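Worksheet: one structure, shown below.
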Amino acid sequence: MLIAGALQVSVLLPALRQVGFTFKFALGVWTPAIRRMLLLSLPVAMGAGVLQLSVFLDKAISYALMVHMDVHQQPIASLKFFAHMVRLPMELGALRRLDVAQLMYQFPLGIFAIALATAIFPSLSADALEKDRNRFCGILRHGIEASLWEGLPASVGLIMVAEPAVRLLFQHGQITEHDASLIAKSTMVYAAAIWAFSLLQIINRAYYALHDMRTPLVMSVVNIIINLVVEIPLLWNMGESGMAVGTLVSFAVQAIVMLWMLDHRIGGLELRRSFSPVVKMVIATLTMGLVCHGLKLSPLYPRGIGREGWAIQLFLLLGIGGSVYLFTCRLLGVTMLEELFPLRRSKA
């Protein structure tokens, strides 16, 4: 790890020299700057730990409330609760299936949302807010719009392609047709929250730029509470996909509440200026969803079962859905795709 870190720094040296950065040897390690850095980093680390705790709790609940096999390989489908036998709401293997469903929604999140938030983070800082408040708010609004521009179609798109994608990638070996159906159902619910996950990546970094590490930490704890309150009762009605509903509701609430708090915190983001482009993105997303749904109902959509059929279904939906979304955005005057490339070049 130490060698890898040294190599990473050495790769950055030429670019650092170009911007005038130089290293200075210093004997003192416990400096005020380092103390402040650690003080600011601690809540961020705790917030990440809280999210990992949420994942751990979901896994523990899944393990405790799914059907188990006893030592004689007979299914245990109920548990004793205050002298009453309660039916276990999740089928055998729910824990593994939920892991796969979470992997499906985390893929677009990692590729687009986190990369976007990382790109704009250097432009968001407390100093930037003090020097040019309008520019700070403009960059933040641009980040919010960009996160929704990719998050909204990613949500609807993954809902549309969940079944062929899951079957193509995972329906083999120990994952049966029934397992794939349950994974696809949970994936669809998780997918509905991608826009909220994407938005939170921008919002959290805005709080960190303002040196407010406490609010994201507190809201992460609130997220866990909402998640548990929503998901546990739903498990007996929806099975393992009820776990995904808890995640959807908790992250959607967290994203909206934190954005509202941030708007009041800095005296107004002028979010009304984002209303028109966001509405256009919603229209483009709904158009994409309707076209994909119509495609799935049309005679052109392959009905065959097997890897070749699922692959054709997946690529048809991806190609047509993506093209429709981009074309509709251009038709409505949403130029986010063109705007993102200058943003990337300016960061290079």
Total residues in region 301-348, condition on the phi > 0 side of the Ramachandran plot and at pLDDT 90 or above: 1
I'm trying to understand the selection: among the residues of region 129-164, which are closer than 20 Å to Met243 by Cβ and either touching an Asp or Glu at 6+ places or on another chain (Cβ under 6 Å) or not hydroxyl-bearing (Ser, Thr, Tyr) (or both)? Leu158, Ile159, Ala162, Glu163
So the helices (runs of 4 or more DSSP H) completely within region 170-247 holding 2 or more residues that are over 28 Å from His264 (Cα atoms) and small (Gly, Ala, Ser) are 177-191
Being surrounded by 20 or more Cβ atoms within 10 Å (Cβ to Cβ) and among the acidic types (Asp, Glu) is the filter here; which residues of region 237-294 pass it? Glu240
Among the listed residues Arg265, Arg272, identify the single one that is more than 23 Å from the chain's Cα centre (by Cα), closer than 30 Å to Val221 by Cα and free of Cβ contacts under 8 Å to residues at least 24 places away in the same chain. Arg272
So Val44 clears everything in (1) within 30 Å of Gly246 (Cβ to Cβ); (2) at pLDDT 65 or above except one condition, right? Which one? (2)
For Asn204, are the conditions met, namely being modelled with pLDDT of 90 or more and more than 27 Å from Gly294 (Cβ to Cβ)? no
Mind checking whether some residue in region 274-296 is over 26 Å from Arg141 (Cα atoms), in contact with a helix residue (DSSP H, G or I) (Cβ under 9 Å, 6 or more places away or on another chain) and among the small types (Gly, Ala, Ser)? no
Can you find a residue in region 336-345 that is without any contact (Cβ under 8 Å) to a residue 40 or more places away in the chain, surrounded by 18 or more Cβ atoms within 10 Å (Cβ to Cβ) and among the hydrophobic types (A, V, I, L, M, F, W, C)? no
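The values are calculated or read from the model by the stated rules, or taken from the named source; none is laboratory data. Computed from a prediction, not measured in an experiment: that's the story for all the values here. Every residue, glycine among them, receives a Cβ derived from its backbone with ideal geometry; neighbour counts consider all protein chains shown.
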